[in-house]
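Structure first, commentary second.
Each reported figure results from applying straightforward, stated rules to the coordinates on display, with no laboratory input. Owing to the predicted nature of the structure, the values given are computational and were not obtained by experimental measurement. As a convention, Cβ positions derive from the backbone with ideal geometry for all residues, glycine included, and neighbour counts pool all protein chains shown.
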Amino acid sequence: MNKDLLRKHILKFVSDSKKNQKKFEKDFREREDLVNYYQSFKEERLLSMSEEDIYEYMSKLWAMLIWGNKRYVVDKIIEDNGLQNFKKSVAHLIWGKQDIAERWDSFRSEIKGMGPAMISEILCKTHPSNFMLWNRRAYVGLNYLEVKDLPRHDYQLTGEKYKYLCNVCKEISQELKNAGFKDTTQLAVDYFIWEQLQVEDNLSKIYRKKPEKEKAEVPEESRFIHDDIRDKLRDIGQWLGFTAKIEQKISEGSKVDTIWESTIGNMGRVIYIFEVQTKGSIDSLILNLLKSLNNPAVQGVVAVSDRDQLEMIKSHVLDVKELKDKLKYWDYEEILKVHDCLEFVNASINNLELVPQGF
């Protein structure tokens, strides 16, 4: 981390706090209220939550601002994970005794539909002295400070990486303390990052394509990247107006990663299939896609993977006449960029509050 650059911005931050005391006092009270609210959910209360309690708990998250219909998102999380399993997993994430790296990985493996932004925000607002809040803006700020080994995409944010980032932000907390700023929690660090480190030139760097030699290898444990891409495909479909679901049985013997579905008047359904391939048998992928085409509503099938595997899939499909002219191909890096762009668009539009919640 570039400590000289950090200290320059902290001095500016502290100076601004003295010039605009009302704003900073309001921000401080806002942080206090958020922490008090989330800390009130002890383990017993989390385990006894109703679906309505979960909606209130989740809808207050900043990470939910990208969704116009928060109720739909929360209902889908409960439906996909089961009410009891979700409550148990959240309680263990927040109040478990294991190391945070272990709890983080366990939650990410167990719960569908919640990414690092939601997870870290809950942790940060419940334990603001220990856990940082990770999102796109945190990436921008820490990258500007020249912090090394930042995860560019959600699937790269493992438990160990999150633990590393928390330690990085604790260094920022210490520098805030050294400069005499009264609130040195990691939630205050998040406010500092938003106020001081959102450099326009740095924002554009997120979308620059990495040189080939710098591209990260697909991790040996590929579940995180598979589930991350699967969930992002669902998000993209929902933002585009489809009914989008994950892990759906589409025909006899065929369960697919993501579907986009639309009903056309009284004419019936149109379904698009997405299968994410991170490792495993390409022949099994092809067989599953062929089975999905037995459903007459399926109008398109898409294989999702990295560039090398997509070329391998193409070569395998050449001899499968039922599939070769129907299968489309989508590089997962393009999906990550599309998701980031649509996320920004939806958050910006939803901030206008053009449609009331619950409409």
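Just to confirm the number: angle between the C-alpha axis of helix 223-239 and the first principal axis of the chain, 0 to 90 degrees, nearest 10?
It is inclined by approximately 90 degrees.
Between segment 23-43 and segment 248-292, how many Å separate their Cα centres?
44 Å
Using θ = phi - 60° and the Karplus form 6.51 cos²θ - 1.76 cosθ + 1.60, what ³J(HN,Hα) does each residue of segment 51-64 get, whole Hz, x for Gly and Pro?
4, 5, 4, 5, 4, 4, 4, 7, 5, 7, 6, 4, 5, 7
Would you pull out the residues with amide H under 5 Å of residue 279's amide H, same chain only if 5 or more places away, H placed 1.01 Å from N?
For residue 279, whose amide H was placed from the backbone, there are no distant partners under 5 Å.
For the chain, find the longest principal axis of its Cα atoms and tell me its angle to the long axis of helix 332-350, 0 to 90°, nearest 10.
60 degrees
What's the local net charge at residue 233, with K and R +1, D and E -1, over the other residues with C-beta under 12 Å away?
Net charge around residue 233: -4.
Between the helical axis of 159-178 and the dominant principal axis of the chain, each derived from Cα atoms, what acute angle in degrees is found, rounded to the nearest 10?
Taking Cα atoms only, the helix is inclined about 20 degrees.
Restricting to bridges with both residues inside the chain, how much of the DSSP beta-bridge set is antiparallel, in percent to the nearest 5?
55 percent
Rounded to whole Hz and in sequence order, give me ³J(HN,Hα) for segment 182-199 from the Karplus expression 6.51 cos²θ - 1.76 cosθ + 1.60, θ = phi - 60°, writing x for Gly and Pro.
Along segment 182-199, the couplings run 6, 9, 10, 6, 6, 6, 5, 4, 4, 4, 4, 4, 5, 6, 10, 10, 8, 7 Hz.
What's the magnitude of the charge dipole for segment 223-342 around its Cα centre, counting Lys and Arg as +1 and Asp and Glu as -1 at the beta-carbon? Answer in Debye, nearest 20.
360 debye
Put +1 on the Cβ of each Lys and Arg and -1 on the Cβ of each Asp and Glu in the chain; which of 262, 17, 142 then has its Cα farthest toward the positive end of the dipole?
Projecting each Cα onto the dipole axis, the largest value belongs to 17.
I need the calculated FRET efficiency for the pair residue 21 and residue 42, taking r as the beta carbon distance and R₀ as 30 Å, to the nearest 0.05.
With R0 = 30 Å, the Cβ-Cβ based efficiency is 0.30.
Straight-line reach only, C-alpha to C-alpha below 20 angstrom: list the lysines that residue 12 could link to, leaving out same-chain residues fewer than 8 apart.
Correct list for residue 12: 3, 22, 23, 26, 170, 177, 182.
Please give every one of the lysines within straight-line cross-link reach of residue 255, meaning a C-alpha to C-alpha distance under 24 Å, and leave out same-chain neighbours fewer than 8 residues apart.
Excluding near neighbours in sequence, the set is 76, 112, 232, 245, 279, 291, 314, 321, 324, 326, 328.
With the cut-off at 28 Å, report for segment 3-208 the share of all Cα pairs above it, as a whole percent.
Here the tail beyond 28 Å accounts for 29 percent of pairs.
Quick one: Kirkwood hydrodynamic radius for the chain, alpha-carbon pairs, angstrom, one decimal?
22.2 Å
Please work out the ratio of the alpha-carbon Rg of segment 223-342 to 2.2 N^0.38 Å and round it to two decimals.
Compactness ratio reported: 1.01.
What is the sum of charges around residue 89, taking Lys and Arg as +1, Asp and Glu as -1, for the other residues whose C-beta is under 11 Å from the C-beta of residue 89?
Net of charged neighbours comes to +4.
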